[in-house]
Structures are given as C-alpha cells and as structure tokens.
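Enquirer: Handing you this structure, nothing more for now.
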Amino acid sequence: MLVYVARRLAQVVPLLAVVTLAVFFALRLAPYDFVDSITTPNMTAEHVAIVRSRYGLDDPAWLQYLRWLGRVVQGDLGYSLASQHSIAADLAQRLPNTIVLVLPAYLTALILAIALGLVAAARHGRPLDRLIDTIGAVGIAMPPFWFALLLIYLFGYFLGLFPIIGMHTVGDRGLPDLLRHLFLPYLVLVVAFFPDLTRYVRSSAISQLDEDYVTVQRAFGASDAQLFRRHVSRNVLLPVVTQIGLALPMLVTGAVITETVFSWPGVGTYFLQGARALDYPVILAVLLLSATLVMVGNLLADVLYVVVDPRVRLGKTAT
Amino acid sequence: MKPAARAILAALALIGPLFAAGCAADDTSPAPPDQTDTFTFAISGDPSSLNPINTGDRWGLTTTNVVYSPLARVEADGTVRNELAESIEPAADGRSVTVKLKPDVVWSDGEPLTAADVVFTYTNKAVKDNGNADLLWIGDQPITATAVDALTVRFDLPEASAAALSNIATETYIIPQHIYGDVTDFSGAELEPLALGSGPYKLVEYQRGEYLRFEANELYYGGAPAIQHLVFRIVPNADSVKTALQTGEVDGASVSPSQVADLAGAPVDIHSYAQGRVGYLGVIEPRVPDLALRQALFFALDREEINLAAYLDPAYFENAYSILPPGNPYATTDLERYDQDVERARTLLAAAGLNPTLVLAYAASNAAQATQATIIQQQGAAAGITIELSALDGTALYEEVEKGADAPFDLFLGGYIMGIDPDAYSLLFRTAASANFFSYSNPVVDALFDQGLVELDDARRETIYGDIQRAIAGDAIFYPILDSFDNLAINQRVGGVAQAKLIPVYHFEDWSKFTLA
C-alpha cells in the first residue's frame, strides 16, 4: 500500500503545476490586473507605472508565473499584492477559523444524513420517506446566503439571541463567545451539507435492500430493526467513509458564501477579497491548497476504503 | 475489528488533528473592552495600507485620520482648518510656504512633535517609489521641506503653483521620526510598529479580516476623546451591516439609500453629506465625433429623473451641472446645463440627418448605475436615439475606455472624487492626461489649465476655471449627473456627530468628539 500511496502522491506534483498554470493564465484573460483595480483618477500615469513595476506586473506573464513557482517550491507562498502581508501567515490565521466552522457542521450533517437516510430507506415509498426526501429537496434548492439572511433576521434581529458578525466579540476570545458566534453559520452549513449526504445514504441503503444477504436475513425472520442495525447500516457506512475523504477540500473552500454573510474571518472571505482585486498570489495560494486537498482527499478516500473493507486490495486498483 | 468501528476510527483519525488545529486558534488576548464605552463602526474591508506615507484607499485613510494628524485640512467649502499647524503663510511670489506648528503638541508616547518630524514625513512622501508622491512634485522636481527652527517648516516649490500652495499642508499625515527614523523603505503597506501618531486614538489591536481596536489618546492636542474605545469592525456584506445596525451590534456604518428605508424604526439616525463626487455620463469623443449628436443626446436627458430613479429621494443626492461637484467653491452654474429639451434634441438630429444607435457601458455590480442606464436608454429613445446597454465589470470598463476610438462602446457611466483644488480636474480633461477617459482634446481648455495652475490671485483663478467649465460643457463630451451623498447610519446612543463633522472619504473629521449616552 505504501508504494501505491507514494505513487499517487508523486502524481500530485505535476497535477498541481497544471492546475496553477491554468489558473494563472485564466487570470491573465481578464482585461485588467490588480493595479488597475486600485487605480483612481487622481493617480498620474507615472504613479501607476511605479506601482505596476513594484509588483512585477509589467514583466511578461511567463516570467511572473515562473517567479511565483520558484518561490512556491521553496515553500514560500509569497505576499498579497493588496495588503503586502505574508499569504502563509494569513492562511495560518484563517484556515483554523474555517475549520472550526466547517468541521462541526460537516460532522453534524453526516450524522444527521446517516440517521435520516437509513430511516428513509427503511420506510421506502411511505410518507416518512417522502417527507425526508422533500426536506432534502428543499435543502438542496435553498441558496445558503438566503437561508443565512433568514436566520440572521430571525435569531439575530427578531429574537436577538445570537450575534451575527464575525467569530468573536471584540477582545473576547473565550469559548462561550465563540460558540454564540458559531451557531448561526454552523446551522446554515449543516442545512447546506446534509441533503446531498442524506440522499446518498438513502440510495445506498435502498440498493443494499436488494442484496441477497437481506433476502436471506429476512428468510431467517430478522426484523427490519435488526436488519438495519446489524447489516445494512454497516455496509452503507463503507461508501460514506469515502465521502469523508472527498469532503476534505471543503475545509478550505466549503463556506465561502456563509463566511461572507457572517463576516467570518476564514479562508472564504480571504479568497473572495483576493478574487475581487485580481490579487493573483492569494488566488493561486488558496487554489493550490484546495487542489492539494482534492487530490489528497481522493487518495485518502481510496485508502480509507481499504482500511474499512478488507476485501478491497489497492494493488488491483492501482494500475 | 468490525467494519463500522473501523470506519469511525478511520474518520476520527482523519478529522481529529484538523479539529485540534481549529481549536488551537483560541489564543489568549487582551481583556474585552467595556461595550458601554465603545463606539463600533462597520467598515467593508481591511485597509489596503496602514502606512500614512502611501495609503490611498477609503479605509486606510479613515484609519490614518484616527491615529495621525495632518498640518491642516481643507473643508468642503474650500476654507483651510489648521490642525498641527498654527499658521500657514504662502510667500507672495508663490514659491514657498512657511508653516508654524502649534507648540506643546506631543505624540501618543509623550514625545514632542517638531519640525523635524514634518520634514521627515514630507521628504519620504516625496520619494516616488514610496507610491504617493504626486502632490509633492511640480513638473519633474519635488517640493522640498526644511526645518527653520524646532516649530517652523519652510516648503520650497521648484516653480510657482497655486494648486501646490493650497495642497501642500493638507492630506499629508505626519509620522514620528523618533519611531520610524530607521525605516529605510516606506513603500510597504505596514510600518513597524504598526501605528503611532498624534491623532485622537491609538491603534492597540488589529485582527486582519475582523477588526481594528483603538484606545483614546489622552495626550491628543484636540482634547482627550470622551469615548475610551473605538472599534472598526470589518463586515463585507451590506445586508449584515444593516441588521447589525438594527440590533445595535455596530453603532455606525455607511448605508445605501435603499437601506435607509429599511432602517426606519431602528435606533439609528441617518446623516447624509455631500461627498464632493461627480457621477457622470461620459462620451468617448472619437467614437461620437458629431457635436450635434452629443448635444442632442444631452438635451434628451432629464438628470432629475435619472437621479430620483437611482437614489430614491433628493435627500441623498444633488444634481450636478459642471465638471466640479456642486459644493466646490470654484463650481459655476453659468454654463450650458443641458436641461431636458426633447424637441431641441429632435431638431438637432433632424438637422444633421441622424438616426443614431449608441452603446452605453456601466458597471454591472453598481445597482445605481444599472438604474441610471435604463432611464437614460428610455429618455434617449423618446428623442429618437437608440441606446444599447452593456454591463461590464467596473475595472474592466475603465480598461476598455482607454482604447479610445477602439473601445467597444460609445458612452459610459462613471464617477470621481478629486478634491477641492480645481487643478486636480486637469487629470481628467487635459489632452492625453492620465484619467482623460473621454479621449477629449481641446487646446483652449489645455491653455486655461496651464494659466489656472500658476495664477495666484483667487478671483482670477475663479474666472479661469469658470471658463474651463463652460468650454467643456460646450463640447458636450461630459454630462454631469449628480453628487451622490454618503449616508451614515449612527446609533442614537452616540452623540457629537455634528462636532465630529462629516467629511468625504474620512467619514469624520475628528473622531474624538463623539459621546455615548
């Protein structure tokens, strides 16, 4: 397995190079650059030229990319053009903030999805199944920003129960304060994450019900409860574990909209600000991180599958 | 081990360290400020620069104005209000300005503020590589500052310039030499230490993406602030700002006219003030070379209707008729205003035998511009001018404008804030100037700008800039629409708004004047 993992990791490097190259040159397709986005009518042409030269934006595109790549391979993500702040330092500050928000929400959604998905499968075609399916459909159709604004109105404004801005009250870094700020965006993300997962669990469970072992168990007189608890749920969990691996990149970019609405100081708001200003080192750094997690997440999903299901052997799938 | 148990263990192995990393962010920090002694103001993003030498963005300048002080400022009506300066004396020949500092002004660390600090600041600001030297250069030579004595500075101009005389003492925020004297590069966005000035507040904490926290500077020369703590809370989403104002989570913020109606019943008062901005319909001259067509277009339009559609109520805007904002002391109303006259527009078109189609570009993300464009389209159609609309990214629009005759549109909506001195507007209307988005060229206007720059007599200056405004209006390349007001919603528990004085860009002139009920 180690050989397999090493081989997969080796594939990550050229893939990342391709991803960053594509993103960098896609950014060049924009009809303006970062300096244009900060230029005001009262700057002279000479002033604008000085600023552009300082950021190296007057160099050819390939030179800018190679310079950026050269720094990245040395572990230096560079500096934001807008703030001139170290991107690595910014991400080190913001990534934990996003994880604190996304991780509990994803875990809650996962647990909720497993419970609801199994119940829906057990009651396949009956009113309870249809109710869960409808809730899922509404959840999928509902834009997170809109739901966030509803929650802000209800809990923040109308009931006045929760703060709606940021992660902490100014100067208060305590856990109770963090939890109060966390609740509303957490709820938005749970509602954003769980419908897809529920449908996934439900369809997996329904397909399990057609398996021979279910027929056999039923023939032996197993009740629905025993069947689901002892057999179906365990087999459904196998593909769910792979979902966890695939969800890894969400820890970076899983809450861009929600973070913006709640002014959560995470990677999402950082990325959005960078994208607005065409701050290409920021955009590339976040996408580099996100792309890495996509690839590592896929690898982890494969590895986890082997860990939880001894029947699967990686050697056979690696070719 | 059973598959389910393996699955849970594997998932925990994956996510456990990440969660631990997340919780580890909960570090220790200073005690929370007393909320009953804190004024919280919402800003939409991090300041681009906290370095007073080069900052130019709205939040950077607002923060700078809280922590630092200039020698003087120009009020909206053009009068000069001294801050660190006790007196400002321009020489009769227009070649130098002598500034005497107020005695006994100290930095927030207690050190005296002297002429050496002023010379230090201006010398570094005049370095072009530091990124904000434009106002301190005349032609290809810098304005130089010399300390005459501990409290007197003389600025020498390489040649006479009325604009420089009125600009020199304003908009430059003085930094302490004893703190930043060893800094060799002032081109960065942050200094080390982050901020130390002579303004009403001291910056004590900056959490990027979250907030800036200030404490009262008890040594402030204008008198210690009544409110001990000031917080700039970073809230990018406008809807969240509105709700935060309603709940009292923030005490003040800039809001749009449409949000003002939503705030009825909230514990806030709305304070609207002119920004000294001109919102306009621009014509790219090489694309619409026919003067009769440009005039016909302008006569087809009704700016009052355009403005009411976009800004809802006359309380939130003032109609503009000139290249200078309506409140500018040099603005004239004695020019062709192009008040709506549809018949005249039709006559002009018929005389020239025209049946035109024009393309109007505007910034897609700007709701006010989208409304204005639609009304302009309707008004044009009523006069026989077909106007097609093109929504573009705001920055991309200006990139396309620079292509002049090759731009993919003929007309565009824009706006600028250029300040009080009328020479600043030459950047927009002089031939080939850096912000001449109209590809406009009129040698008469160029010559008048040259005269205005060196004319030291104020009455004669007023005449020259009046002629410039009339000439540009006559050429019909620029249709001024309005000065859109900034609307500040301030919680009713906050007093002293009038004393703090609303000013463009910086929001408030003196943040020390607020009180809390």
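The values are calculated or read from the model by the stated rules, or taken from the named source; none is laboratory data. As the structure is a computational prediction, the values presented were derived from the model and not from experiment. Cβ sites come from the backbone with ideal geometry, for glycine too, and all protein chains shown count toward neighbours. Ligands, DNA and RNA are excluded from the accessible area calculation, which covers all protein heavy atoms including side chains. Shrake-Rupley method; radii C 1.70, N 1.55, O 1.52, S 1.80 Å.
Enquirer: With B:94, B:139, B:45, B:131 as the choices, which residue is more than 26 Å from residue B:221 (Cα to Cα), touching a His at 6+ places or on another chain (Cβ under 8 Å) and at pLDDT below 95? Give the derivation first.
Expert: Numbers: B:94 fails: touching a His at 6+ places or on another chain (Cβ under 8 Å); B:139 fails: touching a His at 6+ places or on another chain (Cβ under 8 Å); B:45 fails: touching a His at 6+ places or on another chain (Cβ under 8 Å).
Result: B:131 is the single residue among B:94, B:139, B:45, B:131 that is more than 26 Å from residue B:221 (Cα to Cα), touching a His at 6+ places or on another chain (Cβ under 8 Å) and at pLDDT below 95.
Enquirer: When region B:492-511 is examined, which residues are found to be assigned to a helix (DSSP H, G or I) and out of contact with any helix residue (DSSP H, G or I) (no Cβ under 7 Å at 6 or more places or on another chain)? Spell out how you get there, then give the answer.
Expert: Initial filter on region B:492-511 (assigned to a helix (DSSP H, G or I)): B:497-500, B:511.
Answer for region B:492-511, where residues must be assigned to a helix (DSSP H, G or I) and out of contact with any helix residue (DSSP H, G or I) (no Cβ under 7 Å at 6 or more places or on another chain): B:497, B:498.
Enquirer: Looking only at region B:378-388, which residues are open to solvent by less than 60 Å² (accessible area, probe 1.4 Å) and either closer than 17 Å to residue B:283 by Cβ or outside the structural domain of residue B:478 (by TED's automatic domain parsing) (or both)?
Expert: Filtering region B:378-388 down to residues open to solvent by less than 60 Å² (accessible area, probe 1.4 Å) leaves B:379-380, B:382-385, B:387.
Passing the criteria: B:379, B:380, B:383, B:385, B:387.
Enquirer: Conditions first: (1) more than 14 Å from chain A (Cβ to nearest Cβ); (2) in contact (Cβ under 8 Å) with a residue 40 or more places away in the chain; (3) surrounded by fewer than 19 Cβ atoms within 10 Å (Cβ to Cβ). Residue B:360 passes all but one, so which condition is the exception?
Expert: Among (1) more than 14 Å from chain A (Cβ to nearest Cβ); (2) in contact (Cβ under 8 Å) with a residue 40 or more places away in the chain; (3) surrounded by fewer than 19 Cβ atoms within 10 Å (Cβ to Cβ), residue B:360 violates only (3).
Enquirer: Which residues, taken from region B:416-435, are assigned to a loop (DSSP other than H, G, I, E, B) and touching a helix residue (DSSP H, G or I) at 6+ places or on another chain (Cβ under 6 Å)? So that I can check it myself, show each step before the final result.
Expert: Kept after step one, since they are assigned to a loop (DSSP other than H, G, I, E, B), are these residues of region B:416-435: B:418-421, B:430-435.
Correct list: B:418, B:421, B:430, B:431, B:433, B:434, B:435.
Enquirer: A further question on this structure: For residues that are in contact (Cβ under 8 Å) with a residue 24 or more places away in the chain and over 26 Å from the mean Cα position of the chain (by Cα), tally how many sit in region B:427-453. Can you show your working first?
Expert: Step one: filter region B:427-453 for residues in contact (Cβ under 8 Å) with a residue 24 or more places away in the chain, giving B:428-429, B:437-442, B:444-445, B:449, B:452-453.
Within this subset, residues satisfying the condition of being over 26 Å from the mean Cα position of the chain (by Cα) are B:441-442, B:444.
Residues meeting the conditions: 3.
Enquirer: Only one of these conditions is not met by residue B:393: (1) out of contact with any strand residue (DSSP E or B) (no Cβ under 8 Å at 6 or more places or on another chain); (2) over 30 Å from residue B:163 (Cβ atoms); (3) within 9 Å of another protein chain (Cβ to nearest Cβ); (4) open to solvent by 40 Å² or more (accessible area, probe 1.4 Å). Which number is it?
Expert: Of everything listed in (1) out of contact with any strand residue (DSSP E or B) (no Cβ under 8 Å at 6 or more places or on another chain); (2) over 30 Å from residue B:163 (Cβ atoms); (3) within 9 Å of another protein chain (Cβ to nearest Cβ); (4) open to solvent by 40 Å² or more (accessible area, probe 1.4 Å), residue B:393 misses just condition (1).
Enquirer: From the list A:135, A:111, A:165, which residue is part of a helix (DSSP H, G or I), at pLDDT 90 or above and over 20 Å from the mean Cα position of the chain (by Cα)? Walk me through it before giving the result.
Expert: Details: A:111 fails: over 20 Å from the mean Cα position of the chain (by Cα); A:165 fails: part of a helix (DSSP H, G or I).
Unique residue meeting the criteria: A:135.
Enquirer: In addition: Would a scan of region A:253-262 turn up a residue that is at pLDDT 90 or above, surrounded by 22 or more Cβ atoms within 10 Å (Cβ to Cβ) and outside any helix (DSSP H, G or I)?
Expert: Among the residues of region A:253-262, at least one is at pLDDT 90 or above, surrounded by 22 or more Cβ atoms within 10 Å (Cβ to Cβ) and outside any helix (DSSP H, G or I), which makes the answer yes.
Enquirer: Given the condition within 11 Å of another protein chain (Cβ to nearest Cβ), small (Gly, Ala, Ser), part of a helix (DSSP H, G or I) and farther than 30 Å from residue B:243 by Cα, answer yes or no: does some residue in region A:210-221 qualify? Give the derivation first.
Expert: Taking region A:210-221 and keeping what is within 11 Å of another protein chain (Cβ to nearest Cβ), we get none.
Checked against the condition, which is being within 11 Å of another protein chain (Cβ to nearest Cβ), small (Gly, Ala, Ser), part of a helix (DSSP H, G or I) and farther than 30 Å from residue B:243 by Cα, region A:210-221 yields no hits at all.
Enquirer: Take residue B:397 and decide whether it is closer than 20 Å to residue B:371 by Cβ, in a helix (DSSP H, G or I) and not aromatic (Phe, Trp, Tyr). Walk me through how you get there before you give the answer.
Expert: On the way: closer than 20 Å to residue B:371 by Cβ: yes; in a helix (DSSP H, G or I): yes; not aromatic (Phe, Trp, Tyr): yes.
Here the answer is yes, as residue B:397 does meet what is asked.
Enquirer: Still on this structure, I have one more. Taking residue B:371, is it closer than 21 Å to residue B:274 by Cβ, among the β-branched types (Val, Ile, Thr) and open to solvent by 60 Å² or more (accessible area, probe 1.4 Å)? Full working, then the answer.
Expert: Numbers: closer than 21 Å to residue B:274 by Cβ: yes; among the β-branched types (Val, Ile, Thr): yes; open to solvent by 60 Å² or more (accessible area, probe 1.4 Å): no.
No: the conditions fail for residue B:371.
Enquirer: Take the residues in region B:205-221 that are over 23 Å from the mean Cα position of the chain (by Cα) and modelled with pLDDT of 95 or more, then tell me which one is farthest from residue A:95 (Cα to Cα).
Expert: By that ranking, first place goes to B:221.
Enquirer: Would you please name the residue that is farthest from the other protein chains (Cβ to nearest Cβ), looking only at residues in region A:28-85 that are in contact (Cβ under 8 Å) with a residue 24 or more places away in the chain and open to solvent by 60 Å² or more (accessible area, probe 1.4 Å)?
Expert: A:28
Enquirer: Collect the residues in region B:437-489 that are open to solvent by less than 30 Å² (accessible area, probe 1.4 Å), of a type in the set (S, T, N, Q) and part of a helix (DSSP H, G or I), keeping them in residue-number order.
Expert: Answer for region B:437-489, where residues must be open to solvent by less than 30 Å² (accessible area, probe 1.4 Å), of a type in the set (S, T, N, Q) and part of a helix (DSSP H, G or I): just B:469.
Enquirer: Here is a check on your reading of the model: is residue B:345 open to solvent by 10 Å² or more (accessible area, probe 1.4 Å), over 20 Å from residue B:256 (Cβ atoms) and outside any strand (DSSP E or B)? Break it down into steps so the answer makes sense when it comes.
Expert: On the way: open to solvent by 10 Å² or more (accessible area, probe 1.4 Å): no; over 20 Å from residue B:256 (Cβ atoms): yes; outside any strand (DSSP E or B): yes.
Taking the combined requirement at face value, the residue does not satisfy it.
Enquirer: Would you mind stating whether residue B:117 is among the charged types (D, E, K, R) and surrounded by fewer than 17 Cβ atoms within 10 Å (Cβ to Cβ)?
Expert: Values: among the charged types (D, E, K, R): yes; surrounded by fewer than 17 Cβ atoms within 10 Å (Cβ to Cβ): no.
No, not satisfied.
Enquirer: Looking at (1) on the phi > 0 side of the Ramachandran plot; (2) in a helix (DSSP H, G or I), which is the one condition that is false for residue A:125?
Expert: Residue A:125 satisfies all of (1) on the phi > 0 side of the Ramachandran plot; (2) in a helix (DSSP H, G or I) except (2).
Enquirer: Might you check whether a residue that is more than 13 Å from chain B (Cβ to nearest Cβ), modelled with pLDDT of 85 or more and in contact with a Leu (Cβ under 6 Å, 6 or more places away or on another chain) occurs anywhere in region A:227-249? Give the derivation first.
Expert: Quick first cut of region A:227-249, residues more than 13 Å from chain B (Cβ to nearest Cβ) only: A:227.
Okay, now just the ones that are also modelled with pLDDT of 85 or more, so none.
No - not one qualifying residue is present in region A:227-249.
Enquirer: Looking at region B:196-290, what strands (runs of 3 or more DSSP E) fall wholly within it and have at least 1 residues that are open to solvent by 40 Å² or more (accessible area, probe 1.4 Å)?
Expert: Hits in region B:196-290: B:201-207, B:211-216, B:252-255, B:268-274, B:277-283.
Enquirer: So which of B:91, B:115, B:42, B:126 ends up being touching a residue at least 12 places away in the same chain (Cβ under 8 Å), of a type in the set (A, V, I, L, M, F, W, C) and away from every other protein chain (no Cβ under 14 Å)? Don't jump to the end; show me each part of the working.
Expert: Values: B:91 fails: touching a residue at least 12 places away in the same chain (Cβ under 8 Å); B:42 fails: away from every other protein chain (no Cβ under 14 Å); B:126 fails: away from every other protein chain (no Cβ under 14 Å).
Only one candidate passes the filter, namely B:115.
Enquirer: Sort through B:64, B:40, B:55 and tell me the only one that's under 30 Å from the mean Cα position of the chain (by Cα), of a type outside the set (A, V, I, L, M), farther than 30 Å from residue B:183 by Cα and at pLDDT 85 or above.
Expert: Details: B:64 fails: farther than 30 Å from residue B:183 by Cα; B:55 fails: farther than 30 Å from residue B:183 by Cα.
Only one candidate passes the filter, namely B:40.
Enquirer: Another question about this same structure. Take residue A:273 and tell me if it is open to solvent by 20 Å² or more (accessible area, probe 1.4 Å) and facing chain B (nearest Cβ under 8 Å).
Expert: Numbers: open to solvent by 20 Å² or more (accessible area, probe 1.4 Å): yes; facing chain B (nearest Cβ under 8 Å): yes.
For residue A:273, the condition - open to solvent by 20 Å² or more (accessible area, probe 1.4 Å) and facing chain B (nearest Cβ under 8 Å) - is met.
Enquirer: Here is a check on your reading of the model: is residue A:267 modelled with pLDDT under 85 and buried (at least 23 other Cβ atoms within 10 Å of the Cβ)?
Expert: Values: modelled with pLDDT under 85: no; buried (at least 23 other Cβ atoms within 10 Å of the Cβ): yes.
Judged against the criteria, residue A:267 is not a match.
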